[in-house]
Structure formats: structure tokens, C-alpha cells
Amino acid sequence: MIGLLIKKKHYYYHMRKIITIIFSIIFFAGNMSFADGDLWDNFGDQNVYGQMPVSDEQFEKALESKLKKKRKKRDKNIPKGEEFHQSNETQFIKEAEEELPILCVPANLIVSENKVLPPGHYQIMGEKLNGKPVLKFYQAHYLIAEIPAVETDDDFNQETVHFVNILDNGEKQVKIIFGSIDFNAYSIINIVE
């Protein structure tokens with residue numbers, strides 16, 4: 001039998017088995033000591049940064065107090081329970097109107113005889129000045145352009161009350177439509193050739 005072990009082939013085969021078993025035992029025995037929950041919890045000095053250790057109950061209380069502070073406070077203007085349907089539904093829409101809708105202008109537009117509106121993203125605000133609707137184009141709170149519009153009762157089949165969109169109106173013009181609680185309007189603008 002010793003003669004068989006001396007042969008190279010059998011010797012390496014059995015040595016690999018023995019080494020594999022030894023490393024497996026060492027590996028699994030070493031991992032079992034890491035599975036103990038207190039091993040790394042007590043590593044080093046707990047007061048390294050001047051902090052006192054905290055129990056699980058203290059941690060849970062602190063976490064709950066932070067979550068209570070972050071909860072959104074109920075709007076006192078909205079009645080409780082079944083009275084909600086009697087509240088002013090338009091108030092929500094007017095609050096949503098505070099954010100101006102954004103319009104992406106894809107081409108240079110002729111705003112007036114000597115002014116061109118370059119392509120870009122603009123916030124649009126509709127106003128009535130002296131009884132006539134006007135569309136104001138803003139970028140970063142700066143008024144870029146002011147375009148006269150035509151008031152209409154058409155909602156342009158839009159899904160929302162507050163909207164702005166740009167539509168094709170032939171090859172040389174675009175139609176900008178605008179809608180809000182106060183009025184709906186459109187403006188036809190020429191494209192720079």
C-alpha cells in the first residue's frame with residue numbers, strides 16, 4: 001500500500017483530498033466565530049468619539065420621535081370626514097397654478113419686428129393686461145418675451161386645466177396654446193426662415 005502512495009499520481013490525489021479537508025475545517029471553524037453577534041459589537045473602545053452607548057429601547061424612542069416630527073401636518077382648511085366634498089375644490093387647482101408650466105420651443109420664433117425668441121425651455125405665464133390676454137415667456141425669473149394672445153373657450157382637448165403646448169400651424173408658423181383657471185388663449189407666431 002505504501003508503494004501505491006509513492007506513485008506520483010496517487011500521492012497528489014490523496015494529498016489534495018487531505019489538504020482540501022483541512023482547509024475546509026479551518027474555514028468553517030473560523031466563520032463560526034464571526035457568526036457570534038457580540039464579536040464585532042465590542043471591538044475597541046465604545047467611547048472612542050465621546051459617545052455613550054445606547055440601548056435598543058433608547059434608539060427606538062429616538063427614531064420614533066424623529067419620524068413624528070417629519071409627518072406632514074394636516075391642512076386645517078380641509079374639513080374632517082364626510083364634509084370634504086363640501087370644501088372648495090378650486091383651491092387645490094389654484095395652489096397647483098403657482099408653478100408655471102414649461103414650454104420647449106424648438107425653433108427661432110419672431111416675437112416682434114426686431115425681436116427673435118431663440119429655441120429653449122421657457123416658463124409661460126398668462127395674464128390679462130388691460131382686458132387683453134398676454135403670454136409671458138420667462139427663463140430663470142427673467143422676462144424674455146411678451147406675446148399677445150387671443151382668448152378662447154376652446155380647451156384644445158387637454159387633460160388638465162392648467163396647460164401650455166406648441167402645435168404646428170403650417171410650415172412657417174406655430175400655434176402656442178395656453179390654459180388656466182382664468183382663461184384659455186392661443187397665439188400664432190411666425191418661424192424665422
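Can you tell me which of (1) closer than 14 Å to ILE102 by Cβ; (2) part of a strand (DSSP E or B) is the one THR160 doesn't meet?
Every listed condition holds for THR160 apart from (2).
Can you tell me how many residues in the range 150-164 are within 32 Å of the chain's Cα centre (by Cα) and either exposed (fewer than 13 other Cβ atoms within 10 Å of the Cβ) or acidic (Asp, Glu) (or both)? Quick ask: steps written out before the conclusion?
At the first step, the residues of the range 150-164 found to be within 32 Å of the chain's Cα centre (by Cα) are 155-164.
Keeping just the survivors that are either exposed (fewer than 13 other Cβ atoms within 10 Å of the Cβ) or acidic (Asp, Glu) (or both) gives 155, 157, 159-160.
Matching residues across the range 150-164 total 4.
Pairs, please: C-beta under 6 Å, at least 6 apart or cross-chain, first residue within 11 Å of ASN190 (Cα to Cα) and in the range 103-130, second assigned to a strand (DSSP E or B) and at pLDDT below 90?
Qualifying pairs under 6 Å: LEU117/VAL111.
Just the residues that are on the phi < 0 side of the Ramachandran plot and more than 34 Å from the chain's Cα centre (by Cα), please, taken from the range 170-187.
From the range 170-187, those on the phi < 0 side of the Ramachandran plot are 171-187; that's our starting set.
Residues satisfying the conditions are GLU171, LYS172, GLN173.
Counting just the residues of the range 165-181 that are of a type in the set (D, E, K, R), exposed (fewer than 14 other Cβ atoms within 10 Å of the Cβ) and in contact with a strand residue (DSSP E or B) (Cβ under 7 Å, 6 or more places away or on another chain), which one comes out farthest from PRO101 (Cα to Cα)?
In the first step, residues of the range 165-181 are kept if they are of a type in the set (D, E, K, R); the result is 168, 171-172, 175.
The next check asks that each one be exposed (fewer than 14 other Cβ atoms within 10 Å of the Cβ); those that pass are 168, 171-172.
Checking which are in contact with a strand residue (DSSP E or B) (Cβ under 7 Å, 6 or more places away or on another chain) leaves us with 168, 172.
Values: ASP168: 19, LYS172: 25 Å.
Restricting to residues being of a type in the set (D, E, K, R), exposed (fewer than 14 other Cβ atoms within 10 Å of the Cβ) and in contact with a strand residue (DSSP E or B) (Cβ under 7 Å, 6 or more places away or on another chain), the top hit is LYS172.
The values are calculated or read from the model by the stated rules, or taken from the named source; none is laboratory data. These numbers were taken from a predicted model, which means no experiment stands behind them. Every residue, glycine among them, receives a Cβ derived from its backbone with ideal geometry; neighbour counts consider all protein chains shown.
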